[in-house]
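Undergrad: Pasting a structure here, questions to come.
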Amino acid sequence: MKIRTVLISSLWVVSSLICFGKDIKISPQNWWIGMSSHNVIVIAENIPSEVQDISINPAHITLTKHYPAANSSFHILEIAVPDSVQPHIANITFHTKGKKPYTLPFRIEKRKERAEYVSLQPADAIYQIIPDRFCNGDEKNDNISSYFEKKDRLNPTGIHSGDLKGVLSKLNYIAELGFTAIELMPILESNLMMNSYKRQAPTNFYQIDQRLGDIKLYNNLLEACEQQNLKCIQTFNLNQIGNQHPFFKEMIDSTFFYNEVFGYDTDYPNHDVLTDPYSPPQTQEKNRRLIEYSNFPTLNQHNTLVNKLIIQHCIWWIETTGLQHIKIDQAARNQPVLIEALYQQLKRNFNDLTIVLDNHSYTNQHIYWEPIAGELNTLIYNYNYPKIMADAFSPFQDSEIGIASIYNYSLNQSPAQARHNIIMLDNHTLNRAYTNADSDIEQLLMMTAHLLTSPGIPSIYYGTEWMIKGLQGKGLSNLSKDFPGGWEDDVVNGFTGTGMNAEQQQFHDNLKKLLNWRKANTSILNGHFYHFFPENDLYVYSRGNEQQALVVFINNSSASSYRVETEEYKDILSQYSWGIDIITDESYKDFNDVNIPPKSTIILHLKK
């Protein structure tokens, strides 16, 4: 009887498909009991003009409203899910006169129990990953017929076929290197004809790009991260979609988008203007409306329905996967009204989230975000930091000016702001750190020493550990080269060190030692920060507590060595009886014996 029922049901669905032609789709296909808002908006696509009514049963949940969009092949369904309902599968039925109805399942689920919340802390260190450029773990998803772009490693802006399985397979490498968090570029489907390797313009809000994997694999990745004590920060782009998204391709409603037209002489959005507290509102609004790339249309966040859909898909991903850390890329390109509403909804549904705001701006972004961001823990990427570090240790920069710029960087932010900064040397939009270091390992060692010992959460771009080069002026793809060893036919392998030269190995070992020291000494990094006014080319600062601390000596002179004068730094040094060089393991009982060579940094772990 059961077999016969299933067969009849299957034939009924097939006949419905024949009657309706193109498949009707709904998104999302599920929701949960006990969310702060009982209402969920479901978008139905490919609705034939003959549909006369839509219903939902059983009556445990309610279809409170349904209506066609401006393009009537889309219908908007508003469904109420009361707290009293039990988990079940509801049926959404589309009725047409003279034809069999078409029914789709809609799952009502119990909310998942969330893992214990562990926020991002000053002792964390983040490893930024573009999955497409990191490691190809599954060759079977390289060339999926339904996707425009197939694997093409010879095309700098093309799909290179790195994926989530590749990231999963290299978590050991990342954890052993000393990182405590990974940050993934967007993973939502971005089925575009070009520029889809970063997945910054989704074409489906509720599906992972199949060239990267699927939701099961993603959840496996998150579980593996938890086992490795790695936090996962997932990036979302909320201000734009891809031009192959049905909302744009089929034009659900022209009011979903701004009227701006992309031209190759169109200005790019000015991110500094967006976070400038003294910029006229009209100028900021103009920048938010701009289209960054020809196939990345900007969403109209003054449209209430658009805002609800954006916020809803964020909630869906967080509830589905248990994410505790999300990043909003190009955050200030979103309307403040959207950000405020997003914070409110996320706070009501999840009180254990960290929000990372990434806006490519050199202004003091805390001034902009503090009145907008809500109560959730919020961290901000600081773009002044890489700008300063790019020149601070360069031989083409006056050494005292370089040291002064680092000192002034610390002066120009409050302790609270420093704690909520994420600092970096590079990312997918900035010159590679080694390129900014003039391809000089000594400069790069000084830059990373400061990055990993100064206040703020350090974030390092994949491949920096092997001194990969990249120049923004050659195009953004020049900053996103493949990680060596991520593909079977790679001759050089960064995961094993095969084929790396002596300087690369030296830098890699130095970075690994410093990162793992951080991981083992978290209390120091959560302690005080003190610094001394620079003397000549020497800058000294410390972090720590009553029991132990680190002290950092940066000598920016290209010619002179400096011997530490204990009396000059007695406010710190007198509290501790000895110290050990974190990199060389050399011990010092008399701090006057510490000698800092030209263009170098010494980091001492001070103990009682």
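Undergrad: Points 7 angstrom from Cα along the Cβ direction at E50 and Y67: gap in nanometres?
TA: The two pseudo-label positions are separated by 2.7 nm.
Undergrad: Which value, in Å² rounded to 10, gives the accessible area of D398 with a 1.4 Å probe and all protein chains present?
TA: Surface open to solvent at D398 totals about 80 Å².
Undergrad: Let me ask something else about it. If you roll a 1.4 Å probe over the stretch 168-299 with all protein chains in place, what percent of the accessible area is carbon or sulfur?
TA: 48
Undergrad: Moving on to the next point. Working from the alpha-carbon coordinates of the stretch 417-490, get Rg over Rh, Rh being the Kirkwood radius.
TA: Dividing the radius of gyration by the Kirkwood radius yields 1.01.
Undergrad: Now for a different question. Not counting ligands, DNA or RNA, and with a 1.4 Å probe, what is T103's accessible surface area in Å² rounded to the nearest 10?
TA: The accessible area of T103 comes to roughly 30 Å².
Undergrad: At R0 = 51 Å, how high is the FRET efficiency between T93 and E340 if r is their beta carbon distance? Nearest 0.05 is fine.
TA: 0.85
Undergrad: Under the definition of Cα pairs under 8 Å and six or more residues apart, what whole-number percent is the relative contact order of the chain? Mind dumping the intermediate values first?
TA: Values: 1206 pairs, mean separation 64.4, N = 608.
Once divided by the residue count of the chain, the mean separation gives 11 percent.
Undergrad: Mind checking the full-extension length gain between D267 and R419? Use 0.36 nm per residue of separation minus the Cα-Cα distance, one decimal, nm.
TA: Length difference between fully extended and current span is 51.3 nm.
Undergrad: How many nm is it between the label spots at E375 and E260, if each spot is 7 Å from the Cα in line with the beta carbon?
TA: 3.4
Undergrad: Taking the Cα centroid of the stretch 293-361 and of the stretch 409-481, what is the distance between the two, rounded to the nearest whole Å?
TA: 26
Undergrad: Quick one: what does P(r) look like for the stretch 235-360 with 5 Å bins over all Cα pairs, in whole %?
TA: Pairs per bin, as whole percents: 2, 10, 20, 23, 20, 14, 8, 2, 0.
Undergrad: Separate question: How much length is gained on full extension from S36 to T566, taking 0.36 nm per residue of separation minus their Cα-Cα distance?
TA: 184.9 nm
Undergrad: Another one. What's the Kirkwood radius of the stretch 9-142 in Å, using all Cα pairs?
TA: About 17.9 Å, per the Kirkwood formula over Cα pairs.
Undergrad: Also, quick follow-up: Roughly how big is the chain's charge dipole about its Cα centre, with Cβ charges of +1 (Lys, Arg) and -1 (Asp, Glu), in debye to the nearest 20?
TA: Around 2380 debye, computed over the chain.
Undergrad: Calculate, for the stretch 389-510, the solvent-accessible area per residue in square angstrom, rolling a 1.4 angstrom probe over the heavy atoms of the protein chains. Could you put the intermediate results ahead of the total?
TA: Working: 4480 Å² over 122 residues.
Ligands and nucleic acids excluded, the result is 37 Å² per residue.
Undergrad: With just the Cα atoms defining each centre, how far is the stretch 379-406 from the stretch 545-608? Give it in Å.
TA: 22
Undergrad: Enter the accessible area of S161 (Å², nearest 10), with the probe set to 1.4 Å and all protein chains included.
TA: That residue has around 0 Å² of solvent-accessible surface.
Undergrad: Among DSSP bridges having both ends in the chain, what percentage is antiparallel? Round to the nearest 5.
TA: 65
Undergrad: Using a Förster distance of 35 Å, how high is the FRET efficiency between A404 and F148, based on the Cβ-Cβ distance and rounded to 0.05?
TA: With R0 = 35 Å, the Cβ-Cβ based efficiency is 0.10.
Undergrad: Sticking with this structure for a sec: Tell me, what is the percent relative contact order of the stretch 249-401, built from C-alpha pairs under 8 Å that lie six or more residues apart?
TA: Working: 171 pairs, mean separation 33.1, N = 153.
Relative contact order comes out at 22 percent.
Undergrad: From largest accessible area down, sort F529, F350; use a 1.4 Å probe on the protein chains.
TA: F529, F350
Undergrad: Report the Cα-based extents of the chain along its three principal axes, largest first, to the nearest Å.
TA: Taking the Cα atoms of the chain, the three principal extents are 94, 52, 51 Å.
Undergrad: Continuing with this model, one more query. How much of the accessible area of the stretch 472-568, in percent, comes from carbon and sulfur atoms when a 1.4 Å probe is used?
TA: Working: 2140 of 4650 Å².
Exposed carbon and sulfur together represent 46 percent of the surface.
Undergrad: Mind ranking M447, M193 by accessible surface for me, highest first, 1.4 Å probe?
TA: Solvent-accessible surface, decreasing: M193, M447.
Undergrad: Next up: Note the full-extension length gain between F495 and S523 as 0.36 nm times their separation in residues minus their Cα-Cα distance, in nm to one decimal.
TA: Numbers: separation 28, 0.36 × 28 = 10.08 nm, distance 2.99 nm.
Result for the pair: 7.1 nm of gain on full extension.
Undergrad: Spin-label point model (7 Å from Cα, Cβ direction): what's the F533 to K608 distance in nm?
TA: According to this spin-label approximation, the distance is 3.3 nm.
Undergrad: Hey, another quick one. So with the 1.4 Å probe, I'd like the accessible area per residue for the stretch 146-258, rounded to whole Å².
TA: 35
Undergrad: Given contacts defined as C-alpha pairs under 8 Å and at least six residues apart, what's the relative contact order of the stretch 186-271, whole-number percent?
TA: 29
Undergrad: Here's a follow-up. With a 10 Å radius around each residue's Cβ, average the other Cβ atoms per peptide and rank 144-157, 237-250, highest first. The partial results should precede the final answer.
TA: Values: 144-157: 13.6, 237-250: 21.5.
Result, highest mean first: 237-250, 144-157.
Undergrad: Find how many whole Å separate the alpha carbon centroid of the stretch 197-216 from the alpha carbon centroid of the stretch 490-536.
TA: 33
The values are calculated or read from the model by the stated rules, or taken from the named source; none is laboratory data. Everything numeric here is computed off the predicted structure, so don't read it as measured data. With ideal geometry, Cβ positions are generated from the backbone for all residues, glycine too; neighbour counts draw on all protein chains shown. All accessible areas refer to the heavy atoms of the entire protein, side chains included, with ligands and DNA or RNA removed. Shrake-Rupley method; radii C 1.70, N 1.55, O 1.52, S 1.80 Å.
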